[in-house]
Amino acid sequence: CPAAQRKSCSGRCNDNIRKHEAKVVDMIDIENIADKAAFCRCWKTKNWPYCDGSHGEHNKNTGDNVGPVVIKRK
Ligand code: FES
């Protein structure tokens with residue numbers, strides 16, 4: 001990759017979240033979820049592991065189409 005594109009060509013999606021950890025893993029007790037919770041899949045949120053809407057700007061800037069996974073109670 002050219003240097004200007006290296007970040008996007010590296011295959012990495014995590015730019016900022018807990019970079020000191022070998023692997024970012026989150027455990028959420030389902031009892032702690034009220035009616036629903038939206039979890040980030042774009043890695044751009046400022047409220048990891050929850051979606052804060054940052055995927056909208058990411059999609060606009062890149063042409064991507066990512067969004068959260070929403071867990072909800074029936
Ligand atoms: Fe990442 Fe919404 S902010 S999926």
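Any read-out appearing in this document is the output of simple, stated calculations on the displayed coordinates, not a laboratory observation. Since this is a predicted model, take the numbers as computed values, not measurements. Backbone-built Cβ (ideal geometry, glycine too); neighbour counts: all protein chains shown.
Computed from backbone phi, the HN-Hα couplings of segment 44-57 come to 9, 4, 9, 10, 3, x, 8, 5, 10, x, 5, 4, x, 5 Hz, rounded to whole numbers (Karplus: 6.51 cos²θ - 1.76 cosθ + 1.60, θ = phi - 60°; Gly and Pro given as x). Dimensions of the chain from C-alpha coordinates, computed as largest minus smallest value along each principal axis and given longest first, are 48, 29, 16 Å. Taking packing as the residue-averaged number of other Cβ atoms within 10 angstrom, the listed peptides 49-61, 19-31 run from highest to lowest as 49-61, 19-31. With unit charges on the beta carbons (Lys and Arg positive, Asp and Glu negative) and the dipole taken about the Cα centre of the chain, which residue among ILE17, THR45, ASN59 sits farthest to the positive side? In the chain, that residue is ASN59.
The calculated FRET efficiency for the pair LYS72 and ASN16, based on their C-beta separation and a Förster distance of 22 Å, comes to about 0.20. For segment 23-35, 3J(HN,Hα) computed residue by residue from phi via the Karplus equation (6.51, -1.76, 1.60; θ = phi - 60°) reads 8, 8, 10, 10, 10, 10, 6, 4, 5, 8, 8, 6, 7 Hz, glycine and proline entered as x. Listed values for segment 62-74 are Karplus-derived 3J(HN,Hα) couplings in whole Hz (6.51 cos²θ - 1.76 cosθ + 1.60, θ = phi - 60°), namely 10, x, 6, 9, 7, x, x, 9, 10, 9, 9, 7, 5, and x replaces Gly and Pro. Listed by chain and number, the lysines whose alpha-carbon sits under 21 Å from that of LYS23, ignoring those within fewer than 8 places in the same chain, are LYS7, LYS44, LYS46.
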